[in-house]
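Below is one structure, written out as C-alpha coordinates; the observations come after it.
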Amino acid sequence: MTAVSTPLLLLAACARGPAEPVPDGYPAAYADLERAADAERGLLIWSAIDKVKAGRLIADFQAIHPNVRVTYIEMPAREINDRIMAATATGGEIPDFLWSSAMDLQIKLVNDGYAQSYRSPERDNLPDWANWKDQAWGITAEPIVMVYNRAAIADAAMPRTHTDLTKFLERSAGKPGARVATSDPVSSAVGYLYLSQDQQATHDIWRLVRAMGANDVKLFTSAENVVRAVEAGDAAIGYNIVGSFALGEVERNQQLGMILPSDYTLLMSRIAVIPAAARHPNAAKVFLDFLLSRRGQTHLVDQDMPSVRADVRSLTRLQPEGLRPRAIRVGPGLLVDQDQLTRRYFLERWRTSLAKAQQ
(Lines give C-alpha, C1' and ligand atoms only; values in the text may rest on other atoms or scores of the structure.)
Protein backbone atom coordinates (compact mmCIF):
# COMPACT_ATOMS: atom_id res chain seq x y z
CA MET A 1 0.00 0.00 0.00
CA THR A 2 1.60 3.24 -1.15
CA ALA A 3 0.51 6.82 -0.63
CA VAL A 4 1.80 9.18 -3.28
CA SER A 5 3.11 12.29 -1.59
CA THR A 6 5.83 13.60 -3.91
CA PRO A 7 5.70 17.30 -4.86
CA LEU A 8 4.69 16.24 -8.38
CA LEU A 9 1.52 14.52 -7.25
CA LEU A 10 0.55 16.12 -3.96
CA LEU A 11 0.52 19.87 -4.30
CA ALA A 12 -0.05 22.24 -1.43
CA ALA A 13 -3.35 24.07 -1.58
CA CYS A 14 -2.91 27.51 -3.00
CA ALA A 15 -4.89 30.36 -4.47
CA ARG A 16 -6.24 29.29 -7.81
CA GLY A 17 -5.08 31.16 -10.88
CA PRO A 18 -7.23 32.03 -13.88
CA ALA A 19 -10.08 29.58 -14.06
CA GLU A 20 -9.97 26.91 -16.73
CA PRO A 21 -12.89 27.29 -19.16
CA VAL A 22 -15.73 24.81 -18.91
CA PRO A 23 -14.76 21.93 -21.25
CA ASP A 24 -16.32 21.93 -24.70
CA GLY A 25 -19.71 20.28 -24.73
CA TYR A 26 -20.23 20.60 -20.97
CA PRO A 27 -23.15 22.66 -19.62
CA ALA A 28 -22.33 26.17 -18.37
CA ALA A 29 -23.49 25.10 -14.90
CA TYR A 30 -20.47 22.78 -14.74
CA ALA A 31 -18.49 25.76 -13.48
CA ASP A 32 -20.48 25.50 -10.23
CA LEU A 33 -19.33 21.89 -9.79
CA GLU A 34 -15.73 22.91 -10.38
CA ARG A 35 -15.96 25.69 -7.79
CA ALA A 36 -17.50 23.24 -5.32
CA ALA A 37 -14.67 20.79 -5.97
CA ASP A 38 -12.05 23.48 -5.36
CA ALA A 39 -13.78 24.46 -2.13
CA GLU A 40 -13.53 20.87 -0.84
CA ARG A 41 -9.74 21.16 -1.20
CA GLY A 42 -9.11 17.41 -1.06
CA LEU A 43 -9.45 14.13 -2.96
CA LEU A 44 -8.54 10.71 -1.50
CA ILE A 45 -8.12 8.00 -4.13
CA TRP A 46 -7.76 4.29 -3.39
CA SER A 47 -6.48 2.59 -6.49
CA ALA A 48 -5.12 -0.72 -7.78
CA ILE A 49 -3.44 1.16 -10.66
CA ASP A 50 0.33 1.53 -10.39
CA LYS A 51 1.19 4.95 -8.96
CA VAL A 52 3.85 5.45 -11.63
CA LYS A 53 1.34 4.88 -14.43
CA ALA A 54 -1.06 7.32 -12.81
CA GLY A 55 1.57 9.96 -12.09
CA ARG A 56 1.25 12.26 -15.10
CA LEU A 57 -2.53 11.93 -15.09
CA ILE A 58 -2.73 13.10 -11.47
CA ALA A 59 -0.21 15.88 -12.05
CA ASP A 60 -2.21 17.21 -15.01
CA PHE A 61 -5.45 17.08 -13.02
CA GLN A 62 -3.78 19.10 -10.27
CA ALA A 63 -2.52 21.61 -12.80
CA ILE A 64 -6.16 22.29 -13.63
CA HIS A 65 -7.36 22.12 -10.01
CA PRO A 66 -4.42 23.18 -7.80
CA ASN A 67 -6.71 23.71 -4.81
CA VAL A 68 -7.68 20.02 -4.81
CA ARG A 69 -5.06 18.25 -2.71
CA VAL A 70 -4.82 14.70 -4.14
CA THR A 71 -3.77 11.75 -2.01
CA TYR A 72 -3.31 8.62 -4.11
CA ILE A 73 -3.04 5.33 -2.21
CA GLU A 74 -2.17 2.20 -4.15
CA MET A 75 -3.32 -1.17 -2.82
CA PRO A 76 -4.41 -4.59 -4.15
CA ALA A 77 -7.86 -4.82 -5.69
CA ARG A 78 -9.29 -7.15 -3.04
CA GLU A 79 -7.96 -4.94 -0.24
CA ILE A 80 -9.79 -1.96 -1.74
CA ASN A 81 -13.01 -3.95 -1.56
CA ASP A 82 -12.45 -5.22 1.99
CA ARG A 83 -11.31 -1.87 3.38
CA ILE A 84 -14.21 0.18 2.02
CA MET A 85 -16.70 -2.26 3.53
CA ALA A 86 -14.88 -2.24 6.87
CA ALA A 87 -14.56 1.56 6.93
CA THR A 88 -18.26 1.99 6.17
CA ALA A 89 -19.23 -0.45 8.93
CA THR A 90 -16.95 1.05 11.58
CA GLY A 91 -17.06 4.74 10.69
CA GLY A 92 -13.47 4.73 9.48
CA GLU A 93 -11.91 6.93 6.82
CA ILE A 94 -13.85 6.75 3.57
CA PRO A 95 -12.06 7.47 0.28
CA ASP A 96 -13.57 9.77 -2.32
CA PHE A 97 -12.73 7.63 -5.32
CA LEU A 98 -12.21 3.89 -5.91
CA TRP A 99 -10.39 2.75 -9.05
CA SER A 100 -9.83 -0.96 -9.50
CA SER A 101 -9.22 -3.66 -12.10
CA ALA A 102 -11.34 -6.16 -10.13
CA MET A 103 -14.47 -5.42 -12.11
CA ASP A 104 -16.70 -7.90 -10.31
CA LEU A 105 -15.77 -6.58 -6.86
CA GLN A 106 -16.48 -3.00 -7.93
CA ILE A 107 -19.89 -3.99 -9.30
CA LYS A 108 -20.71 -5.81 -6.07
CA LEU A 109 -19.93 -2.64 -4.12
CA VAL A 110 -22.35 -0.72 -6.34
CA ASN A 111 -25.03 -3.38 -6.00
CA ASP A 112 -24.66 -3.39 -2.21
CA GLY A 113 -25.20 0.35 -1.94
CA TYR A 114 -21.63 1.60 -1.46
CA ALA A 115 -21.67 3.94 -4.49
CA GLN A 116 -23.38 7.19 -5.42
CA SER A 117 -24.79 8.17 -8.81
CA TYR A 118 -23.34 10.84 -11.06
CA ARG A 119 -24.26 11.44 -14.69
CA SER A 120 -20.99 12.52 -16.25
CA PRO A 121 -21.05 14.91 -19.23
CA GLU A 122 -18.70 12.38 -20.87
CA ARG A 123 -21.30 9.61 -20.67
CA ASP A 124 -22.29 9.71 -24.34
CA ASN A 125 -18.67 9.30 -25.43
CA LEU A 126 -18.46 5.80 -23.94
CA PRO A 127 -19.61 2.44 -25.31
CA ASP A 128 -22.78 1.12 -23.70
CA TRP A 129 -20.89 -1.70 -21.93
CA ALA A 130 -18.74 0.77 -19.95
CA ASN A 131 -21.35 2.30 -17.62
CA TRP A 132 -23.79 0.85 -15.12
CA LYS A 133 -26.44 3.03 -13.47
CA ASP A 134 -24.11 6.06 -13.61
CA GLN A 135 -22.41 4.48 -10.57
CA ALA A 136 -19.76 2.22 -12.10
CA TRP A 137 -17.62 3.56 -14.92
CA GLY A 138 -15.29 1.62 -17.20
CA ILE A 139 -12.19 3.78 -17.69
CA THR A 140 -10.10 1.61 -20.07
CA ALA A 141 -10.56 -1.15 -22.68
CA GLU A 142 -7.60 -3.48 -22.14
CA PRO A 143 -7.06 -6.88 -23.80
CA ILE A 144 -6.17 -9.93 -21.74
CA VAL A 145 -3.19 -11.62 -23.37
CA MET A 146 -0.70 -14.48 -23.14
CA VAL A 147 3.03 -13.96 -22.79
CA TYR A 148 5.70 -16.56 -23.51
CA ASN A 149 9.41 -17.19 -23.20
CA ARG A 150 10.84 -17.19 -26.72
CA ALA A 151 13.76 -19.35 -25.65
CA ALA A 152 11.29 -22.07 -24.59
CA ILE A 153 8.75 -21.71 -27.41
CA ALA A 154 9.53 -20.43 -30.90
CA ASP A 155 7.29 -17.65 -32.18
CA ALA A 156 5.84 -19.89 -34.89
CA ALA A 157 5.06 -22.66 -32.39
CA MET A 158 3.28 -20.47 -29.83
CA PRO A 159 -0.49 -21.21 -29.76
CA ARG A 160 -2.66 -18.38 -31.10
CA THR A 161 -6.04 -19.46 -29.68
CA HIS A 162 -7.35 -20.90 -26.44
CA THR A 163 -8.13 -24.17 -28.22
CA ASP A 164 -4.64 -24.36 -29.69
CA LEU A 165 -3.16 -23.71 -26.25
CA THR A 166 -5.16 -26.59 -24.82
CA LYS A 167 -4.01 -28.98 -27.56
CA PHE A 168 -0.41 -27.80 -27.21
CA LEU A 169 -0.43 -28.52 -23.48
CA GLU A 170 -2.13 -31.88 -23.91
CA ARG A 171 0.55 -32.97 -26.39
CA SER A 172 3.27 -31.71 -24.06
CA ALA A 173 1.99 -33.22 -20.80
CA GLY A 174 4.92 -34.15 -18.60
CA LYS A 175 7.52 -32.69 -20.93
CA PRO A 176 9.79 -29.82 -19.91
CA GLY A 177 9.14 -26.43 -21.44
CA ALA A 178 5.33 -26.46 -21.43
CA ARG A 179 4.52 -25.18 -17.95
CA VAL A 180 1.96 -22.39 -17.65
CA ALA A 181 1.94 -19.66 -15.01
CA THR A 182 -1.25 -17.76 -14.18
CA SER A 183 -2.98 -15.85 -11.42
CA ASP A 184 -4.52 -18.12 -8.80
CA PRO A 185 -8.32 -17.59 -8.86
CA VAL A 186 -8.45 -18.60 -5.19
CA SER A 187 -6.29 -15.71 -4.00
CA SER A 188 -6.35 -13.22 -6.90
CA ALA A 189 -9.48 -11.17 -7.58
CA VAL A 190 -8.56 -10.55 -11.21
CA GLY A 191 -7.45 -14.17 -11.66
CA TYR A 192 -10.92 -15.28 -10.63
CA LEU A 193 -12.57 -12.66 -12.83
CA TYR A 194 -10.68 -13.59 -16.00
CA LEU A 195 -11.12 -17.35 -15.58
CA SER A 196 -14.85 -16.98 -14.86
CA GLN A 197 -15.15 -14.87 -18.02
CA ASP A 198 -13.29 -17.58 -19.95
CA GLN A 199 -15.91 -20.03 -18.74
CA GLN A 200 -18.62 -17.85 -20.27
CA ALA A 201 -16.70 -17.54 -23.54
CA THR A 202 -15.90 -21.23 -24.08
CA HIS A 203 -17.18 -24.57 -22.81
CA ASP A 204 -13.65 -25.97 -23.11
CA ILE A 205 -12.11 -23.90 -20.33
CA TRP A 206 -12.01 -26.84 -17.90
CA ARG A 207 -10.23 -28.92 -20.49
CA LEU A 208 -7.64 -26.13 -20.64
CA VAL A 209 -7.38 -26.09 -16.84
CA ARG A 210 -6.78 -29.84 -16.78
CA ALA A 211 -4.09 -29.44 -19.44
CA MET A 212 -2.45 -26.74 -17.30
CA GLY A 213 -2.56 -29.05 -14.30
CA ALA A 214 -1.00 -31.89 -16.27
CA ASN A 215 1.95 -29.58 -16.91
CA ASP A 216 2.36 -28.57 -13.27
CA VAL A 217 0.81 -25.10 -13.52
CA LYS A 218 2.43 -22.38 -11.39
CA LEU A 219 0.01 -20.09 -9.53
CA PHE A 220 0.64 -16.56 -8.30
CA THR A 221 -1.26 -13.68 -6.70
CA SER A 222 -0.21 -11.05 -9.26
CA ALA A 223 0.49 -10.60 -12.97
CA GLU A 224 3.92 -9.26 -12.08
CA ASN A 225 4.91 -12.57 -10.51
CA VAL A 226 3.46 -14.52 -13.44
CA VAL A 227 5.60 -12.58 -15.90
CA ARG A 228 8.67 -12.89 -13.66
CA ALA A 229 8.25 -16.69 -13.70
CA VAL A 230 8.07 -16.70 -17.51
CA GLU A 231 11.03 -14.37 -17.77
CA ALA A 232 13.12 -16.60 -15.47
CA GLY A 233 12.22 -19.74 -17.40
CA ASP A 234 10.22 -21.27 -14.53
CA ALA A 235 7.25 -21.29 -16.89
CA ALA A 236 7.05 -21.11 -20.67
CA ILE A 237 3.68 -19.34 -20.92
CA GLY A 238 1.93 -16.72 -18.82
CA TYR A 239 -1.85 -16.97 -19.17
CA ASN A 240 -4.43 -14.18 -18.73
CA ILE A 241 -2.22 -11.13 -18.29
CA VAL A 242 -3.58 -7.61 -18.70
CA GLY A 243 -2.15 -6.28 -21.95
CA SER A 244 -1.07 -2.87 -20.64
CA PHE A 245 1.35 -4.55 -18.25
CA ALA A 246 2.42 -7.30 -20.65
CA LEU A 247 3.28 -4.85 -23.43
CA GLY A 248 5.68 -2.93 -21.23
CA GLU A 249 7.43 -6.14 -20.20
CA VAL A 250 7.69 -7.40 -23.80
CA GLU A 251 9.15 -4.10 -24.98
CA ARG A 252 11.66 -4.17 -22.11
CA ASN A 253 12.75 -7.77 -22.66
CA GLN A 254 13.11 -9.20 -26.17
CA GLN A 255 13.11 -12.70 -24.73
CA LEU A 256 9.38 -12.31 -24.09
CA GLY A 257 6.63 -12.54 -26.70
CA MET A 258 2.95 -11.60 -26.47
CA ILE A 259 -0.18 -13.11 -28.06
CA LEU A 260 -3.69 -11.65 -28.26
CA PRO A 261 -5.78 -14.82 -28.74
CA SER A 262 -7.40 -14.78 -32.16
CA ASP A 263 -10.50 -16.82 -31.25
CA TYR A 264 -11.55 -14.23 -28.67
CA THR A 265 -9.73 -11.67 -26.57
CA LEU A 266 -11.25 -10.60 -23.29
CA LEU A 267 -11.38 -6.83 -22.78
CA MET A 268 -11.25 -5.69 -19.19
CA SER A 269 -11.79 -2.21 -17.82
CA ARG A 270 -10.51 -0.52 -14.69
CA ILE A 271 -13.73 0.54 -12.99
CA ALA A 272 -14.19 3.80 -11.12
CA VAL A 273 -16.71 4.24 -8.31
CA ILE A 274 -17.52 7.26 -6.12
CA PRO A 275 -18.39 5.96 -2.63
CA ALA A 276 -21.74 6.95 -1.22
CA ALA A 277 -20.08 8.42 1.87
CA ALA A 278 -17.26 10.26 0.08
CA ARG A 279 -16.16 13.36 2.00
CA HIS A 280 -15.23 15.21 -1.20
CA PRO A 281 -17.86 14.09 -3.71
CA ASN A 282 -17.59 17.13 -5.97
CA ALA A 283 -13.84 16.70 -6.37
CA ALA A 284 -14.45 13.01 -7.13
CA LYS A 285 -16.97 13.90 -9.85
CA VAL A 286 -14.63 16.38 -11.49
CA PHE A 287 -11.81 13.82 -11.37
CA LEU A 288 -14.06 11.18 -12.96
CA ASP A 289 -14.91 13.57 -15.78
CA PHE A 290 -11.21 14.25 -16.30
CA LEU A 291 -10.48 10.50 -16.45
CA LEU A 292 -13.18 10.00 -19.08
CA SER A 293 -12.25 13.07 -21.14
CA ARG A 294 -10.03 12.91 -24.22
CA ARG A 295 -7.31 14.68 -22.24
CA GLY A 296 -7.40 12.17 -19.40
CA GLN A 297 -7.73 9.17 -21.71
CA THR A 298 -4.67 10.29 -23.68
CA HIS A 299 -2.62 10.07 -20.47
CA LEU A 300 -3.80 6.48 -20.01
CA VAL A 301 -2.98 5.56 -23.61
CA ASP A 302 0.50 6.97 -23.07
CA GLN A 303 0.85 4.40 -20.27
CA ASP A 304 -0.24 1.51 -22.56
CA MET A 305 -3.82 1.47 -21.25
CA PRO A 306 -6.10 1.54 -24.33
CA SER A 307 -8.86 4.11 -24.28
CA VAL A 308 -12.49 3.27 -23.69
CA ARG A 309 -13.35 6.08 -26.13
CA ALA A 310 -13.53 5.62 -29.89
CA ASP A 311 -12.13 9.11 -30.57
CA VAL A 312 -8.79 8.61 -28.78
CA ARG A 313 -5.95 7.08 -30.79
CA SER A 314 -5.36 3.38 -30.26
CA LEU A 315 -2.27 1.35 -29.46
CA THR A 316 -1.69 -0.85 -32.51
CA ARG A 317 -0.08 -3.70 -30.61
CA LEU A 318 -2.99 -3.88 -28.18
CA GLN A 319 -5.72 -3.16 -30.74
CA PRO A 320 -4.46 -4.86 -33.93
CA GLU A 321 -6.38 -5.50 -37.12
CA GLY A 322 -8.55 -8.59 -36.83
CA LEU A 323 -8.89 -8.41 -33.04
CA ARG A 324 -12.00 -10.24 -31.83
CA PRO A 325 -12.70 -8.42 -28.57
CA ARG A 326 -15.09 -9.78 -25.99
CA ALA A 327 -15.71 -6.88 -23.63
CA ILE A 328 -16.46 -7.71 -20.01
CA ARG A 329 -19.64 -5.67 -19.56
CA VAL A 330 -19.76 -3.27 -16.63
CA GLY A 331 -22.99 -4.36 -15.02
CA PRO A 332 -24.99 -6.90 -13.03
CA GLY A 333 -23.76 -9.85 -15.09
CA LEU A 334 -20.57 -9.67 -13.04
CA LEU A 335 -22.55 -10.31 -9.86
CA VAL A 336 -23.31 -13.89 -10.83
CA ASP A 337 -19.76 -15.02 -10.20
CA GLN A 338 -19.64 -13.16 -6.87
CA ASP A 339 -22.54 -15.18 -5.48
CA GLN A 340 -21.02 -17.25 -2.67
CA LEU A 341 -22.48 -20.57 -3.81
CA THR A 342 -21.41 -19.89 -7.40
CA ARG A 343 -17.93 -18.91 -6.30
CA ARG A 344 -17.59 -21.96 -4.05
CA TYR A 345 -18.70 -24.28 -6.85
CA PHE A 346 -16.39 -22.61 -9.37
CA LEU A 347 -13.32 -22.82 -7.15
CA GLU A 348 -14.08 -26.41 -6.19
CA ARG A 349 -14.24 -27.28 -9.88
CA TRP A 350 -10.93 -25.48 -10.37
CA ARG A 351 -9.27 -27.49 -7.59
CA THR A 352 -10.79 -30.76 -8.76
CA SER A 353 -9.73 -30.20 -12.37
CA LEU A 354 -6.14 -29.53 -11.32
CA ALA A 355 -6.06 -32.45 -8.90
CA LYS A 356 -7.34 -34.95 -11.47
CA ALA A 357 -4.80 -33.77 -14.02
CA GLN A 358 -1.93 -34.13 -11.57
CA GLN A 359 -2.80 -37.67 -10.43
Inset, instruction - Take the Cα atoms of region 100-209, build their convex hull, and give its volume per residue in Å³. - result: 143
Inset, instruction - Calculate what fraction, in whole %, of the accessible area of the chain sits on carbon and sulfur atoms when a 1.4 Å probe is rolled over the protein chains. - result: 50
Inset, instruction - Treating the angle as unsigned and between 0 and 90°, give the value, to the nearest 10°, between the Cα long axis of helix 205-214 and the longest Cα principal axis of the chain. - result: 60
Legend entry - J(HN,Hα) series, region 72-78, from Karplus relation 6.51 cos²θ - 1.76 cosθ + 1.60, nearest Hz, glycine and proline x: 10, 10, 8, 7, x, 4, 5
Legend entry - Spherically averaged projected area in nm², based on the convex hull that wraps the Cα atoms of region 24-67: 4.0
Legend entry - C-alpha long axis of helix 189-201 to longest principal axis of the chain, angle in °: 60
Inset, instruction - Quote the relative contact order of region 81-226 in percent (integer), defining contacts as alpha-carbon pairs under 8 Å separated by 6+ residues. - result: 21
Legend entry - the chain - accessible surface per residue (Å², probe 1.4 Å): 42
Inset, instruction - Estimate the FRET efficiency between Ala154 and Ser222 by the formula 1/(1 + (r/R0)^6), using the beta-carbon distance for r and 25 Å for R0, to the nearest 0.05. - result: 0.35
Inset, instruction - For Ala276 paired with Asp311, estimate the spin-label separation in nm (one decimal), with each label point 7 Å from Cα along the Cα-to-Cβ line. - result: 3.5
Inset, instruction - Would you calculate a helix-derived [θ] at 222 nm for the chain, using -39,500 (n - 2.57) for each DSSP H run of n ≥ 4 and dividing by the full residue count, to the nearest 500? - result: -12000 deg cm²/dmol
Legend entry - For Leu266, distant residues with modelled amide H under 5 Å away: Ile144, Arg326
Legend entry - Selected from Tyr194, His162, Ala141, residue furthest toward positive end of dipole (region 134-252; charges at beta carbon): His162
Inset, instruction - Report the semi-axes of the equivalent ellipsoid for region 65-145 in whole Å, largest first, where each axis is √(5λ) for an eigenvalue λ of the Cα gyration tensor. - result: 22, 17, 15
Inset, instruction - State the percent of C-alpha pairs, over all pairs in region 48-97, separated by a distance greater than 11 angstrom. - result: 73
Inset, instruction - Evaluate 2.2 N^0.38 Å with N set to the residue count of the chain, then give the Cα radius of gyration divided by it. - result: 1.02
Legend entry - Percent RCO, i.e. relative contact order, over region 174-217, from Cα pairs under 8 Å lying at least 6 residues apart: 50
Inset, instruction - Search the structure for amide H atoms under 5 Å from the amide H of Ala115, placed 1.01 Å from N in the peptide plane, and list their residues when 5 or more places away or on another chain. - result: Ala276
Legend entry - Reachable lysines from Lys356, criterion Cα separation under 21 angstrom, eight or more residues apart if same chain: Lys167, Lys175, Lys218
Legend entry - Check: the chain dipole with +1 on Lys, Arg Cβ and -1 on Asp, Glu Cβ, in debye: 680
Inset, instruction - Output the relative contact order of the chain, whole-number percent, from Cα pairs under 8 angstrom with separation of 6+ residues. - result: 25
Inset, instruction - Enumerate the calculated ³J(HN,Hα) couplings along region 21-38 in order (Karplus 6.51 cos²θ - 1.76 cosθ + 1.60, θ = phi - 60°), each rounded to whole Hz, writing x wherever the residue is Gly or Pro. - result: x, 4, x, 4, x, 8, x, 4, 5, 4, 4, 5, 5, 5, 5, 5, 5, 4
Inset, instruction - Using a Förster distance of 22 angstrom, determine the FRET efficiency expected from the C-beta separation of Ala29 and Arg294, and round it to 0.05. - result: 0.55
Inset, instruction - Between beta-carbons, use under 13 Å as the cut-off and find the net charge around Arg252, counting Lys and Arg +1, Asp and Glu -1. - result: -4
Inset, instruction - Using only the alpha carbon atoms of region 256-359, find the Kirkwood hydrodynamic radius as the inverse mean reciprocal pair distance, in angstroms to one decimal. - result: 17.4
Legend entry - Radius 14 Å from Cβ of Val110, net charge of other residues (Lys, Arg +1; Asp, Glu -1): 0
Inset, instruction - Could you let me know the centre-to-centre spacing of region 39-97 and region 283-337, using Cα atoms, in angstrom? - result: 19
Inset, instruction - Would you please give the FRET efficiency between Arg119 and Val336, computed as 1/(1 + (r/R0)^6) with r the Cβ-Cβ distance and R0 = 22 Å, to the nearest 0.05? - result: 0.25
Legend entry - Cα-based reach from Lys108 at 18 Å (exclusive), listing aspartates and glutamates while leaving out same-chain residues under 8 positions away: Glu79, Asp82, Asp96, Asp134, Asp337, Asp339
Legend entry - Share of alpha-carbon pairs per 10 Å distance bin for region 181-322, given as whole %: 10, 33, 34, 18, 5, 0
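The values are calculated or read from the model by the stated rules, or taken from the named source; none is laboratory data. Fair warning: this is a prediction, and the values are worked out from it, not measured in the lab. For neighbour counting, all protein chains shown are included, and Cβ atoms are generated from backbone atoms with ideal geometry for every residue, glycine included. Surface accessibility is based on the protein's heavy atoms, side chains included, excluding ligands, DNA and RNA. Shrake-Rupley method; radii C 1.70, N 1.55, O 1.52, S 1.80 Å.
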